[in-house]
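Input: a single structure, listed below in structure tokens.
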Amino acid sequence: MHETFYDVMRRQGITRRSFLKYCSLAAGALGLSPAFAPQIAEAMETKPRIPVLWLHGLECTCCSESFIRSAHPLAKDVILSMISLDYDDTIMAAAGDQAEAIIEETIKKYDGNFILAVEGNAPLDEDGMYCIIAGKPFVEQLRHVAEHAKAIISWGSCASWGCVQAARPNPTRATPTHKVPNMPDKPIIKVPGCPPISEVMTAVITYMLTFEKMPSLDNQGRPKMFYSQRIHDKCYRRPHFDAGQFVEEFDDEGAKKGYCLYKVGCKGPTTYNACSTVRWNGGLSFPIQAGHPCIGCSEDGFWDKGGFYDRLTDVKGFGIEANADEIGTTAAAIVGGAAAIHAGVSVVKRIAQKGDDA
């Protein structure tokens with residue numbers, strides 16, 4: 001039996017006070033109220049760590065790179081305490097036959113009770129020969145491990161949607177996890193992004209450990225707690241969009257003033273992710289804050305859609321008739337009209353005042 005999260009923390013010399021503070025931070029990372037901190041604490045104290053087998057198909061390792069940079073909670077706490085990361089060929093010490101034997105040991109010991117994390121996708125052409133793991137096509141390893149898993153997490157846009165490997169003409173027939181033929185019927189959580197936000201990745205694991213169930217998913221299989229709103233909805237540059245103040249080209253005066261990046265291709269209005277709220281690098285920044293438009297990397301087919309610096313068409317602002325190019329003129333007209341009305345009302349008041357005095 002694996003140790004609980006709290007057992008490991010105590011062995012590491014973590015105080016009870018620090019443990020409870022951690023639980024409060026975890027609740028915040030999950031978008032929950034502080035009232036859930038005791039429930040998280042109970043789960044950490046009583047439930048064994050979750051065994052995880054983390055497989056890698058066609059990918060660039062950016063998801064793993066993101067995951068190990070999580071700050072709330074720290075990735076080291078997730079890896080060493082919250083979960084039992086039994087297999088991950090990117091960060092594990094074992095190699096070769098010793099590493100591959102761990103997969104079968106975990107399956108035998110925790111059949112139906114471990115999480116399969118998938119980074120990257122499976123190429124199907126030439127019988128899967130474009131991605132070979134331990135002498136066999138990755139797609140075979142994926143199906144085998146999935147057959148015994150409790151649930152599957154598709155880390156990143158490669159596993160969730162296919163990403164660049166599956167972009168046209170897709171010579172290897174790279175295929176996202178949920179579309180691989182003959183996959184076992186297991187629940188799949190998609191955590192898209194290229195890469196996903198690190199705290200989003202660790203929070204999904206925390207939620208599953210705490211509540212022993214999958215988080216609420218949207219109609220595309222993504223956790224609603226992080227993918228229910230567009231980046232545009234919570235972007236700090238949104239007031240500039242509504243006012244018709246846009247960056248026309250990089251490094252112009254609008255760019256220096258922090259205007260909206262819509263006209264230089266920002267995909268925030270059509271991209272669902274938590275970048276504008278959770279942000280990156282421990283909440284330090286995100287692409288739009290750094291002056292670069294969102295490229296929509298968490299959306300299905302974003303590579304094929306292309307046009308990363310081309311503006312979206314027919315994005316609505318105030319009212320359903322005005323698109324973004326018309327907003328500035330409309331906003332100015334509204335302000336001018338309001339000023340005229342105010343002036344007219346003032347004149348009427350002065351005339352009425354004179355009449356009363358007479």
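Here are a few things to note about the model shown:
- Every pair of residues 6+ apart whose Cβ atoms lie under 8 Å, when the first sits in segment 192-206 and is on the phi > 0 side of the Ramachandran plot while the second is at pLDDT 90 or above: G193/G156; G193/S157; G193/N273; G193/C297; G193/S298
- When the residues of segment 39-71 are filtered to those that are part of a helix (DSSP H, G or I) and closer than 14 Å to L85 by Cα, the one that is modelled with the lowest pLDDT is F67.
- First in segment 143-164 and of a type in the set (K, R), second anywhere and not in a helix (DSSP H, G or I), Cβ under 6 Å, 6 or more apart: K150/G112; K150/N113
- Scanning segment 277-300 for residues that are modelled with pLDDT of 95 or more and of a type in the set (S, T, N, Q) gives Q289, S298.
- Failed item, numbered, when K76 is tested on (1) assigned to a strand (DSSP E or B); (2) under 22 Å from the mean Cα position of the chain (by Cα); (3) modelled with pLDDT under 80: (1)
- Enumeration of residues in segment 242-259 that are surrounded by 17 or more Cβ atoms within 10 Å (Cβ to Cβ) and out of contact with any helix residue (DSSP H, G or I) (no Cβ under 6 Å at 6 or more places or on another chain): Q245, G254
- When residues of segment 207-240 are limited to those that are modelled with pLDDT under 95, among the hydrophobic types (A, V, I, L, M, F, W, C) and over 15 Å from P192 (Cβ atoms), the one surrounded by the fewest Cβ atoms within 10 Å (Cβ to Cβ): F211
- When the criteria are applied in full, T175 fails the requirement of being of a type outside the set (K, R) and at pLDDT below 90.
- Candidate set from segment 281-299 (those that are closer than 15 Å to P192 by Cα and among the small types (G, A, S)); member that is surrounded by the fewest Cβ atoms within 10 Å (Cβ to Cβ): G296
- Residue that is nearest to the chain's Cα centre (by Cα), among those in segment 252-294 that are under 28 Å from G28 (Cβ atoms) and of a type in the set (D, E, K, R): R279
- Total residues in segment 213-246, condition under 13 Å from N273 (Cα atoms), over 15 Å from the mean Cα position of the chain (by Cα) and not in a helix (DSSP H, G or I): 1
- Single residue of segment 12-38 satisfying the filter (at pLDDT below 75 and over 20 Å from Y207 (Cα atoms)) that is surrounded by the most Cβ atoms within 10 Å (Cβ to Cβ): I14
- Among the residues of this structure, V278 does not count as one that is in contact with a Cys (Cβ under 9 Å, 6 or more places away or on another chain), closer than 30 Å to E45 by Cβ and buried (at least 18 other Cβ atoms within 10 Å of the Cβ).
- Test for E119: is it out of contact with any helix residue (DSSP H, G or I) (no Cβ under 7 Å at 6 or more places or on another chain) and either among the acidic types (D, E) or exposed (fewer than 14 other Cβ atoms within 10 Å of the Cβ) (or both): no
- Test: residue in segment 151-159 that is closer than 30 Å to T277 by Cβ, of a type outside the set (S, T, N, Q), in contact with a Cys (Cβ under 6 Å, 6 or more places away or on another chain) and crowded, with 17+ Cβ neighbours inside 10 Å: yes
Quick grid of which residues meet (1) under 22 Å from R69 (Cα atoms); (2) in contact (Cβ under 8 Å) with a residue 12 or more places away in the chain; (3) in contact with a strand residue (DSSP E or B) (Cβ under 6 Å, 6 or more places away or on another chain):
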residue	(1), (2), (3)
Y259	no, yes, yes
H292	yes, yes, no
G307	no, yes, no
D310	no, yes, no
T313	no, no, no
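- P137 fulfils the conditions (1) within 30 Å of E42 (Cα to Cα); (2) buried (at least 20 other Cβ atoms within 10 Å of the Cβ); (3) modelled with pLDDT of 95 or more; (4) not aromatic (F, W, Y) except for a single criterion, (1).
- Exactly one residue among T210, T277 is β-branched (V, I, T), over 22 Å from H178 (Cα atoms) and part of a helix (DSSP H, G or I), and that residue is T210.
The values are calculated or read from the model by the stated rules, or taken from the named source; none is laboratory data. None of these values were measured; they are calculated from a predicted model. Cβ sites come from the backbone with ideal geometry, for glycine too, and all protein chains shown count toward neighbours.
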